[in-house]
Amino acid sequence: MHAVSLRVQRLRTGWVTCGAPRHCKRAAHGLVLSRKLASAAQVPPGQLGDASDSTLVGHRNRISQLSAEIETYVAKVVSLECQAAQESLIQQVGSAASRVLDGCVVNPFGSAITGLWVPGSDLDLCVIVPGANDRHLQTRALRKIAGELRRAGASHHVLPRIGAQMPIVRWSPRREGGIACDISVNNALAVANSRLLAQYVQVDSRVRPLGLCIKFWASQRNINDRSQGTLSSFAITLMALSLLQRVHLLPSLQELAHVRGELAKDVFDCDCRFCDDQIAIAEAIGSLRESRGGSPGDNIGALLHAFFKYYGADYRGGVISIRGDEDILRGGAGLAAGDGGGVDDVGQPRWGGAGPSAGASANSSRFFFVENPFQPGLDVANVEVGQMARIRDELRKAHRHLGQGRPLADLVTARHDRPFASAAAEADMTGEEVRLGSGRSPETTSFAQG
């Protein structure tokens, strides 16, 4: 048996309940959550009034109500039940890899370590194989892992996808309710990106519920599927973090690492350093608070509204980035503190300066160009041109929806054209079913007046 250093990073606490595979039950799960959210609402939507007629007190009440609904949603989906299942799968893959590859190391990445895992999400695993530095050697290692997984047992289907841009082995459960794994080799940049996002989630308690809520909304509205030319979960999370930096609630952890003179961390010729010193991060957040006039920050409801306002109404194209000031990242010094920042009582952003640099100027006119934190100029969204109008339309609808004081439960109602909705879920949907990719943009009942 080959020796192996199997490093299994303990998964973060607070996981959502194990759901059925995404191909059969994610839509039904979304409808159930929507109903739970509606029943949990303390104020009927009709009593909130229209935003154009509301007083400031009314706006504040609506934002407070929205925050309460988000907290209710997070409480409904968060549990520890999947953690043991995920750790078991990591151990199984690690054991299989160790029998055919010397010195391999298994690292989970993606939502499994960022804390943004939701029902139907896959478990992303990277097997670090010493010496597998080109595609040929990586695919050879994947084939060995796939063969060993087939011999190890029959709980999962083994589906090699060697021809993909990033070759993987998909380990898909044979029974409903299991978790699928995507296994790659030496995908170290993805691991670095995931650790960066996990650090942002850790430093501000608002990041996780905000990210979970936006990700669930995007999934329900069918704009969270990179294979269909819409936004990936990684891109959505970066968009949320970029917004929080623009309103001076979060610093750039990469910029902070450069200002502190931390040593570069080279991963495939990319500098993957970022600050994880909690004291330094707290001081940077304190400086941002001073730039906002001492405000401790904004609640989740205001931030969700600000997200949809910015990307649905204010955003006019350009690179979306969390890297920070490019002059500093290239060797300059000093933090651009800016003035003001934050969002007001009704979720309207108070922009406090230019915010983080847009990065590569060649892409300044691109729309929904979401920059890889460690590879400047690389778009991780890759939104198809034909999908951009639909994504923007959904963001605008969400902004109008929240501006009218309507409940979160309606906002996350599933679209009629969900490609994998089960028959039971379809029976509960109202209106005409429209096939994904037909070019039409049907609205659910909740958006009928939007």
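The values are calculated or read from the model by the stated rules, or taken from the named source; none is laboratory data. All figures in this text were calculated on a predicted structure; none of them were measured in a lab. We work out accessible area using only protein heavy atoms, side chains counted, and drop any ligands, DNA or RNA first. Shrake-Rupley method; radii C 1.70, N 1.55, O 1.52, S 1.80 Å.
When His59, His157 are compared by accessible area of protein heavy atoms, the largest-first order is His157, His59, using a 1.4 Å probe. When Arg260, Arg415 are compared by accessible surface with a 1.4 Å probe, the order from highest to lowest is Arg260, Arg415.
Which entries of Lys76/Lys397; Lys215/Lys265; Lys309/Lys397; Lys215/Lys397 show an alpha-carbon separation above 19 angstrom in the structure shown?
On the way: Lys76/Lys397 25 Å; Lys215/Lys265 30 Å; Lys309/Lys397 10 Å; Lys215/Lys397 16 Å.
From Lys76/Lys397; Lys215/Lys265; Lys309/Lys397; Lys215/Lys397, over 19 Å: Lys76/Lys397; Lys215/Lys265.
Per the Debye formula with a single identical scatterer at each Cα and no solvent contribution, what log10 I(q)/I(0) holds for region 104-229 at q = 0.10, 0.11 Å⁻¹? Relative scattering, expressed as log10 I(q)/I(0), comes to -0.36, -0.44. Of the solvent-accessible surface of region 102-222, computed with a 1.4 Å probe over protein heavy atoms with every protein chain present, carbon and sulfur atoms account for 49 percent.
Out of the total accessible area of region 224-326 (probe 1.4 Å, heavy atoms of protein only), what percent is carbon and sulfur? Working shown, then result.
On the way: 1800 of 3750 Å².
Ligands and nucleic acids excluded, carbon and sulfur reach 48 percent.
Give me the distance between the Cα centres of region 242-269 and region 147-226, rounded to whole Å. Using only Cα atoms, the two centres lie 24 Å from each other.
Between amide H atoms placed 1.01 Å from N, distances below 5 Å from Arg206 occur with no residue 5 or more places distant or on a separate chain.
Would you rank Phe368, Phe216 by solvent-accessible area, highest first, keeping every protein chain in place and using a 1.4 Å probe? Mind showing how you got there, number by number?
On the way: Phe368 0, Phe216 20 Å².
My answer, sorted largest first, is Phe216, Phe368.
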